[in-house]
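Before any comments, here is the structure.
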Amino acid sequence: MATNVTMPKLGLSMETGKINEWKVDEGGEIKEGEILLIVETEKITYEVESPATGLLHIIVPVEDEVPVAELIGVIAADKAEYDKVCAEGAGGGAAAPAAEAAAPAPAAPAAGGGAAAPAAAAPAGDVHVVVIGGGPGGYPAAIRVAQLGGKVTIIEKDEFGGTCLNRGCIPTKALLQSAGMYHDAKASETFGIKTSGIEIDFPAVMARKNTVVKQLVGGLGGILKSHGMTIVKGTGQIIDANTVKVAESGEEIKCDKIIIATGSVPSKVPIDGIDNCITSDEALNLEALPKSILIIGGGVIGMEFAQIMNRMDVEVTVVEMMPQILPTEDAEIAKNFAGMAQKSGIEIHTNTSVSKIEAKGKKKVVTFGDKTKEVEMVLVAVGRAPYTEGLGLDKAGVAMEKGFVKVNECLETGVKGIYAIGDAIGNYMLAHVATAEGETAAVNVLGQQKRMDYRSVPRGVYTTPEVASVGMTEQEAKDKYGEVEIGRFPFVGCGKALVINETEGLVKIIADKKYGEVLGVAILGPHATDLINEAALAIQMEATFEEMAHTIHAHPTIAESIMEAALDVDAKAIHMPKKKK
């Protein structure tokens with residue numbers, strides 16, 4: 001069927017839009033996701049993608065201005081349908097009902113990603129999907145397939161929730177919370193509260209962490225069962241595109257589609273004596289705190305464990321081979337965070353690699369750069385690697401790239417009917433991205449062609465202060481756009497931050513100089529990982545810094561700092577000294 005193209009709503013205040021340019025001539029062929037037209041609204045232009053593949057019939061010509069949601073064109077599936085649409089006139093009843101307006105193309109689509117094209121509801125029926133892995137990608141994929149009427153079998157060899165719930169996001173945040181409570185209790189006199197005799201009961205700390213994890217895992221099992229899917233405990237092995245074998249029992253499960261969601265494991269590094277170290281998995285099951293620890297890797301995992309240990313009175317050293325800790329974050333934010341970490345007592349060495357780890361009784365002697373250090377424990381936190389061992393990808397003909405499963409923008413591998421998501425495919429190795437990929441793969445295995453959109457992926461470090469970001473760093477924005485504009489607001493100027501005694505850090509907004517579009521936001525400060533979602537929505541909606549600045553924020557809140565940073569882009573922040581531009 002033909003697909004209607006209507007004037008999209010590209011901003012909260014948009015009522016009309018002017019067509020500056022059709023990228024395809026009348027009767028020309030357009031593919032789904034390609035740029036279809038240029039729309040101008042409020043003197044800002046947007047590239048709009050095609051919602052379908054076919055031949056274009058133009059209803060509204062260039063330079064005409066029309067209301068939001070008005071029909072401006074029709075995309076016919078083939079020549080016969082195109083002739084029919086033209087003969088029947090504007091729309092003529094030929095366009096598919098419920099077809100949505102095309103979405104604006106992302107300003108900076110990630111590799112393999114782009115704005116998802118609208119599609120009809122996924123069909124219910126007898127499609128049988130096997131999901132291999134029950135982590136934050138696998139179980140949402142299984143649930144979504146079941147919700148859409150598909151038959152689901154989910155195979156998990158361990159506990160549901162994967163790395164995130166059992167060995168990552170949740171347990172580390174539980175330990176950070178306990179470490180933070182201990183730190184705050186020692187500093188309670190700041191709030192006029194006198195305390196004494198405060199100490200860490202580490203077994204109780206670990207017990208609480210285990211309780212939190214157990215409660216979430218138990219609840220997840222009940223949710224999966226409620227959707228009527230078949231749950232198999234074991235290791236899935238792909239025989240072919242329609243057969244998965246359970247390694248432990250030998251049972252072969254016939255299916256129509258497969259979703260690989262096997263996750264990742266801690267990365268290994270070729271260092272002499274690396275067997276004398278622990279990974280984050282073992283760190284989450286310690287029975288006692290060491291007196292000293294050296295952490296190899298200053299990324300998210302490394303710095304979260306550094307703060308856990310530091311706040312529980314452990315002597316901490318971090319060695320990072322890159323020029324800055326938190327290597328993927330904005331350089332200004334990382335530098336400020338490093339200073340705070342060092343001020344708290346964490347010893348940091350950047351541009352430095354560990355070359356040797358030797359056992360010395362119950363201690364370890366670590367050589368890094370031209371230095372050596374004796375510590376009780378060494379933690380390797382250099383990231384994670386995809387887990388595909390024993391999956392049978394070679395026999396099934398599934399291609400790999402740099403150790404990751406290779407997929408297209410719809411998350412399908414080179415083998416038709418086999419999809420892959422989450423840490424197994426790389427991209428962003430984050431739980432929330434795996435969930436989004438799982439939901440995208442779920443509709444695609446049921447017949448749609450929805451492309452995965454990585455435009456507005458938020459990132460977070462759950463230390464105190466927290467670090468969170470979305471979009472581009474300042475350097476990335478300059479590399480792509482040349483001149484950019486920056487707005488900053490320090491939390492020391494925020495009333496709520498002062499009330500809660502967390503005034504370190506800042507909000508930083510990076511905007512395109514030509515149109516004012518928000519390209520990136522980075523936050524170092526209280527509740528940054530919660531605040532960043534406002535910025536993620538702004539980037540997803542292609543908002544300008546002015547739209548963020550003039551959105552009324554509640555007072556007193558930490559979120560006001562985002563508004564102030566947006567105002568500061570053109571030197572109009574209220575609670576800052578006059579800015580010299």
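The values are calculated or read from the model by the stated rules, or taken from the named source; none is laboratory data. Note that the structure is predicted; figures quoted are calculated from it, not measured. A quick note on method: Cβ atoms are made from the backbone with ideal geometry, for glycine too, and the neighbour counts reach across all protein chains shown. Calculation scope for accessible area: heavy atoms of the full protein, side chains included, ligands and nucleic acids excluded. Shrake-Rupley method; radii C 1.70, N 1.55, O 1.52, S 1.80 Å.
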Problem set entry | Cβ-Cβ under 6 Å pairs, at least 6 apart or on other chains, the range 339-360 side over 14 Å from Leu294 (Cβ atoms), far side open to solvent by less than 50 Å² (accessible area, probe 1.4 Å) and part of a strand (DSSP E or B) | Gln342/Ile348
For this session: Can you give me the number of residues within the range 476-500 that are open to solvent by 70 Å² or more (accessible area, probe 1.4 Å), at pLDDT below 95 and more than 25 Å from the chain's Cα centre (by Cα)?
Result: 1
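Does Thr440 satisfy being among the hydroxyl-bearing types (Ser, Thr, Tyr) and open to solvent by less than 10 Å² (accessible area, probe 1.4 Å)?
Yes.
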Seminar exercise, completed: Of all helices (runs of 4 or more DSSP H) fully inside the range 522-581, the set with 2 or more residues that are under 19 Å from Glu332 (Cα atoms) and open to solvent by less than 10 Å² (accessible area, probe 1.4 Å) is 528-540, 560-568
For this session: Only one of these is in contact with a helix residue (DSSP H, G or I) (Cβ under 6 Å, 6 or more places away or on another chain) and either over 21 Å from Thr529 (Cβ atoms) or polar (S, T, N, Q) (or both): Lys343, Lys373, Lys356, Lys364. Name it.
Result: Lys364
Exercise. Would it be correct to say that Val74 is open to solvent by less than 30 Å² (accessible area, probe 1.4 Å), modelled with pLDDT of 90 or more and either of a type in the set (Ser, Thr, Tyr) or part of a loop (DSSP other than H, G, I, E, B) (or both)?
Worked result: no
Problem set entry | Selected residue [modelled with pLDDT under 95, at positive phi and open to solvent by less than 40 Å² (accessible area, probe 1.4 Å)] from Gly273, Gly221, Gly228 | Gly273
For this session: Considering only the range 52-78, state which residues are acidic (Asp, Glu) and under 23 Å from Met14 (Cβ atoms).
Result: Glu63, Asp64, Glu65, Glu70
For this session: Scan Glu466, Glu376 and give me the residue that is under 20 Å from the mean Cα position of the chain (by Cα), among the charged types (D, E, K, R) and closer than 25 Å to Pro266 by Cα.
Result: Glu466
Exercise. So which residues in the range 234-257 are more than 19 Å from Ala441 (Cβ to Cβ), surrounded by 14 or more Cβ atoms within 10 Å (Cβ to Cβ) and basic (Lys, Arg), if there are any at all?
Worked result: Lys245
Problem set entry | Cβ-Cβ under 6 Å pairs, at least 6 apart or on other chains, the range 169-192 side among the charged types (D, E, K, R), far side not in a helix (DSSP H, G or I) | Lys173/Tyr462; Lys186/Ile198
Exercise. Are any residues in the range 444-461 surrounded by 21 or more Cβ atoms within 10 Å (Cβ to Cβ) and among the aliphatic types (A, V, I, L, M), and if so, which ones?
Worked result: Val445, Leu446, Met452, Val461
Seminar exercise, completed: Checked Thr53, Thr41, Thr16, Thr6 against criteria (modelled with pLDDT under 85 and of a type in the set (Ser, Thr, Tyr)); the one match is Thr41
Exercise. List the pairs whose first member sits in the range 249-260 and is hydroxyl-bearing (Ser, Thr, Tyr), whose second member is open to solvent by less than 70 Å² (accessible area, probe 1.4 Å), and whose Cβ atoms are under 9 Å apart, counting only residues at least 6 apart or on separate chains?
Worked result: Ser249/Val232; Ser249/Gly234
Exercise. Out of the range 287-303, which residues are open to solvent by 10 Å² or more (accessible area, probe 1.4 Å) and within 29 Å of the chain's Cα centre (by Cα)?
Worked result: Ile296, Gly299, Val300, Ile301
For this session: Please verify whether the range 462-470 includes one or more residues that are in contact with a helix residue (DSSP H, G or I) (Cβ under 8 Å, 6 or more places away or on another chain), open to solvent by 70 Å² or more (accessible area, probe 1.4 Å) and hydroxyl-bearing (Ser, Thr, Tyr).
Result: yes
